[in-house]
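The values are calculated or read from the model by the stated rules, or taken from the named source; none is laboratory data. Being a predicted model, the structure only gives us computed values, none of them experimental. Because the Cβ atoms are built from the backbone with ideal geometry, glycine has one as well, and the counts that use them run over all protein chains shown.
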Amino acid sequence: MKEQVKPATGKLGILIPGLGAVATTFIAGVEAVKKGLAQPIGSLTQMSNIRVGKRTEDRNPKIKDFVPLADLNDIVFGGWDVYADNVYVAASKAKVLEKDLLFAVKAELEAIVPMKAAFDRRYVKNLDGTYIKSFVTKQDLAEQVIQDMRNFKADNNCERLVMVWCGSTEIYHQISDVHLTLAAFEEGLRNNDPEIAPSMIYAYAALKEGVPFANGAPNLTVDTPALLELASLTHTPVAGKDFKTGQTLMKTIIAPGLSARALGVRGWFSTNILGNRDGLVLDDPDNFKTKEVSKLSVLDEIFRPEANPDLYADMYHKVRINYYPPHGDNKESWDNIDIFGWLGYPMQIKINFLCRDSILAAPIVLDLALFMDLSKRAGMSGIQEWLSFYLKSPQTAEGLRAEHDIFKQLMKLQNTLRHMMDEDLITHLGLDYYQDLVDSIQ
C-alpha cells in the first residue's frame, strides 16, 4: 500500500465550522508551536512513537517521521462562525490560553476572519447567531459553503483541504426519510427539509468537493446513508463522532481495566460542570440529549452486559452536565463507581477530574485533520474506523459494534499506519521470541 500513498506536497487548508474555544485553542496552539513557543503535547502525530518490527529491532520512529503527514508549516486555517470576531478576539473571549501566548501569535490569529455561518437556531437554541448567511433554500446554503471552500483554496494557494466540525452540539434527532439516499437528501435541500441540520450542510459541501470531513460533535451529520453514499461517490474519508476529551476519556481508560480483571460494576454515576459556549448549548435539554446518548453508549459497549450478566447486567449508569459559567472552559467532572470483586464484596472508585476541555480537544483536532488528509492521499474513503481512538461515539459500518476500549483503539490506529507503510502488523503475541530461544537450546 505504501506506493499508493501520495506525498503531502503543497499547503493543507484546515477548514473549521465553529471558531469557538476548541478551534481557537487549536489554531493558536499550532501557530505557537510553529514559532517554537510551545510543544504540541497530547498530539500523537507530533509527539508519539510507533513500534515497527520486532521488539529486538528497537525501531520506534515518531509517527510524523513514519508516515507522510503534512508539515505544520504547510497548514493554513479558515472557518465559519456565527459571530464575526477574528480568531484572536475569539480566543481572548474564550479565556483558555494566557494573554502572553495569544499576544505572541496575535498577527497570525487576527488574519483569520470567519466566513458567515450556515445557521439554524432550531438546532442550537441557546445561541443567537448574528453573523449568518442569508438563503432561500438549503441548496443555496450548501452552494454558498462550497463557494467559500473554493475561494479559500484559491486565495491561500492550497493543494488540499480537510474539514473538522468544531461547532456546537445540535438537538437530538434520528435518521428520517430525507437521510436515506443521496437523491432524497438533495431533494430535501431544495425543499428546505427541517430534518437537514446545519452540520449536514457543511458535510455535504465538503464531500461534494471531495474534502475529508471529521465530526467533532455527537450530531447525526455524516452518520447517515445519504452522506455515506456521497462519500463513496467522491472517494472521500469521513470520521465521527464527538471528540473524546474529559470524563469519557477517563471512562475508556478505567472501564477496560475493570473488564480485563473481571471486576463487576453495580453503578457509575457521572456529573460535570462546564461554563464555555459548549456548556451553554448543552444547558438546553434537547441538545443535552444528543450528548447524553453519545456518553451513555461507552460503558455498555465496553462491559457488554448481555455477554457478562453476572458482572454488569444490573449496572446503573447516569450522566449529568450542568452549565456553570464561573468555570469557563475548565470542565470539572466527578465519577462515583461502585464495583465488586471476589465473592461479591463491594468496593468504590471516585474520580475528580479537573480538566481543560479545549486543551484536551485541540490536539485531537490536529491529529484528525492530518490523518484524514493522509487517508485521502492513501486512497481510503468512507468511514475511517481506525480513528475511533479520538471519538466518544465511533462511527462504524452498518452492523458493526463500535470498539470503545482506548487500548484496542490505539492498536487499530497503529496497525493501520503500519499497513499503509507495508510493515508487519503487531499482535503482541510474542511467542516467536521464546520459540527461537527453545530452538537455540535444542
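Worth pointing out:
- Number of positions in the range 8-50 that are in a loop (DSSP other than H, G, I, E, B), of a type in the set (G, A, S) and farther than 22 Å from K95 by Cβ: 5
- In the range 313-336, residue surrounded by the fewest Cβ atoms within 10 Å (Cβ to Cβ) [restricted to those that are touching a strand residue (DSSP E or B) at 6+ places or on another chain (Cβ under 6 Å) and among the aromatic types (F, W, Y)]: Y316
Yes/no per residue for (1) in contact (Cβ under 8 Å) with a residue 24 or more places away in the chain; (2) in contact with a strand residue (DSSP E or B) (Cβ under 7 Å, 6 or more places away or on another chain); (3) assigned to a helix (DSSP H, G or I); (4) within 14 Å of F243 (Cα to Cα):
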| site | (1), (2), (3), (4) |
| --- | --- |
| M380 | yes, yes, no, no |
| S388 | yes, no, yes, yes |
| P394 | yes, no, no, yes |
| E403 | yes, no, no, no |
| K412 | yes, no, yes, no |
| T416 | yes, no, yes, no |
| H419 | yes, no, yes, no |
| L425 | no, no, no, no |
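- The listed residues are L263, L233, L296, and the only one of them that is at pLDDT 95 or above, out of contact with any helix residue (DSSP H, G or I) (no Cβ under 7 Å at 6 or more places or on another chain), of a type in the set (A, V, I, L, M) and closer than 28 Å to I339 by Cα turns out to be L263.
- Candidates in the range 159-195 are the residues that are outside any loop (DSSP other than H, G, I, E, B) and out of contact with any helix residue (DSSP H, G or I) (no Cβ under 7 Å at 6 or more places or on another chain); of these, the one that is surrounded by the most Cβ atoms within 10 Å (Cβ to Cβ) is E186.
- Matching residues, the range 277-336, being of a type in the set (V, I, T) and part of a helix (DSSP H, G or I): V281, T290, V293, V298, I302
- Comparison of S375, S381 shows that the only residue that is among the hydroxyl-bearing types (S, T, Y), touching a helix residue (DSSP H, G or I) at 6+ places or on another chain (Cβ under 9 Å), crowded, with 22+ Cβ neighbours inside 10 Å and outside the structural domain of S297 (by TED's automatic domain parsing) is S375.
- Output for the range 256-276, where each listed residue is part of a helix (DSSP H, G or I) and either in contact with a Lys or Arg (Cβ under 8 Å, 6 or more places away or on another chain) or of a type in the set (V, I, T) (or both): P256
- Contacts under 6 angstrom Cβ, first residue in the range 302-320 being among the aromatic types (F, W, Y), partner surrounded by 10 or more Cβ atoms within 10 Å (Cβ to Cβ) and part of a loop (DSSP other than H, G, I, E, B), 6 or more apart: Y312/P305
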